[in-house]
Amino acid sequence: MDSFQGDQSVRFDRNDYSVPTAFAHHEVTVTGGIEEFRIACDEEVVATHARSWDKQGVFYDPRHYLALLERKPGALDVARPLADWGLPACFDLLRRRLEASLGHRGTRAYIKVLRLLEHASVHQLAGAIRYATQIGATAPEAIELILRHRTEAPIALFSLDGHPHLAPFRIDPVDLGAYATLKGA
């Protein structure tokens, strides 16, 4: 178990691993296992990484840097943590469309879409982006709405199965005749 207070990376077993921007310069605790390890701040696990047994390596999770990129969008194309991300082609299409229609604000809008990866998988977001580009809704808010709609779990229907003690209760229908007298008044 190592502890480190530094920038946006943690040194563990002579390798550097990223942490989310919100936890940069915070004291964190690293708990290592054979295949992966966890980085926690206070009691909250803020990152997990696959463990590398090599030495002097630097390992990034691109999602950890998205909040920083939102403040510095000019770094999007040169940010080392995003260099080998390998996002599906629909992400590039979305970026081109946003930048063509919004100019430099399109880069910021694209980063807003990337920030959705902080709570969704690449597969889920790619599906939402594909659908959004098909219908011409490329705004980050539209993509977020599509993503949220696709990930919502349906509400289960109410069933009395397994609750036989509730079945005999019946509610008598309400007599609405009293309202007819009010209507005539």
Check: Since residue 129 meets every condition but one in (1) among the hydrophobic types (A, V, I, L, M, F, W, C); (2) farther than 30 Å from residue 17 by Cβ; (3) in contact with a Cys (Cβ under 6 Å, 6 or more places away or on another chain), which condition does it not meet?
Finding: (2)
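Look through 36, 43 and report the one residue that is touching a His at 6+ places or on another chain (Cβ under 7 Å), surrounded by fewer than 16 Cβ atoms within 10 Å (Cβ to Cβ) and not assigned by TED's automatic domain parsing to the domain that holds residue 130.
Values: 43 fails: touching a His at 6+ places or on another chain (Cβ under 7 Å).
The match here is 36.
Using the structure shown, decide if residue 143 is exposed (fewer than 10 other Cβ atoms within 10 Å of the Cβ) and not assigned by TED's automatic domain parsing to the domain that holds residue 21. Don't jump to the end; show me each part of the working.
Numbers: exposed (fewer than 10 other Cβ atoms within 10 Å of the Cβ): no; not assigned by TED's automatic domain parsing to the domain that holds residue 21: yes.
So residue 143 does not fit the description; no.
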Checklist line | Selection count where residues are in a loop (DSSP other than H, G, I, E, B) and in contact (Cβ under 8 Å) with a residue 12 or more places away in the chain, scope region 54-82 | finding: 8
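Name the single residue, out of those in region 6-33 being within 14 Å of residue 64 (Cα to Cα) and small (Gly, Ala, Ser), that is surrounded by the most Cβ atoms within 10 Å (Cβ to Cβ). Break it down stepwise before answering.
If we filter region 6-33 for residues that are within 14 Å of residue 64 (Cα to Cα), which is where we start, we get 7-10, 16-25.
The next check asks that each one be small (Gly, Ala, Ser); those that pass are 9, 18, 22, 24.
On the way: 9: 18, 18: 23, 22: 12, 24: 16.
Ranking the qualifying residues of region 6-33, first place goes to 18.
Being under 30 Å from residue 121 (Cβ atoms), surrounded by fewer than 10 Cβ atoms within 10 Å (Cβ to Cβ) and not acidic (Asp, Glu) is the filter here, so list the residues in region 146-177 that pass it. So that I can check it myself, show each step before the final result.
Within region 146-177, the subset under 30 Å from residue 121 (Cβ atoms) is 146-157.
Filter once more, keeping what is surrounded by fewer than 10 Cβ atoms within 10 Å (Cβ to Cβ): 152-157.
The answer is 153, 154, 155, 156, 157.
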Check: Looking at region 81-99, which of the residues that are modelled with pLDDT under 95 and small (Gly, Ala, Ser) is nearest to residue 116 (Cα to Cα)?
Finding: 86
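This table checks each residue for (1) more than 14 Å from residue 87 (Cα to Cα); (2) in a helix (DSSP H, G or I); (3) under 14 Å from the mean Cα position of the chain (by Cα).
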| site | (1), (2), (3) |
| --- | --- |
| 106 | yes, yes, no |
| 111 | no, yes, yes |
| 116 | no, yes, yes |
| 123 | no, yes, yes |
| 131 | yes, yes, no |
| 137 | yes, no, no |
| 154 | yes, no, no |
| 160 | yes, no, no |
| 168 | yes, no, no |
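The values are calculated or read from the model by the stated rules, or taken from the named source; none is laboratory data. What you see is a predicted model; the values in this text were computed from it and never measured. Note: ideal-geometry Cβ built from the backbone for every residue, glycine included; neighbour counts use all protein chains shown.
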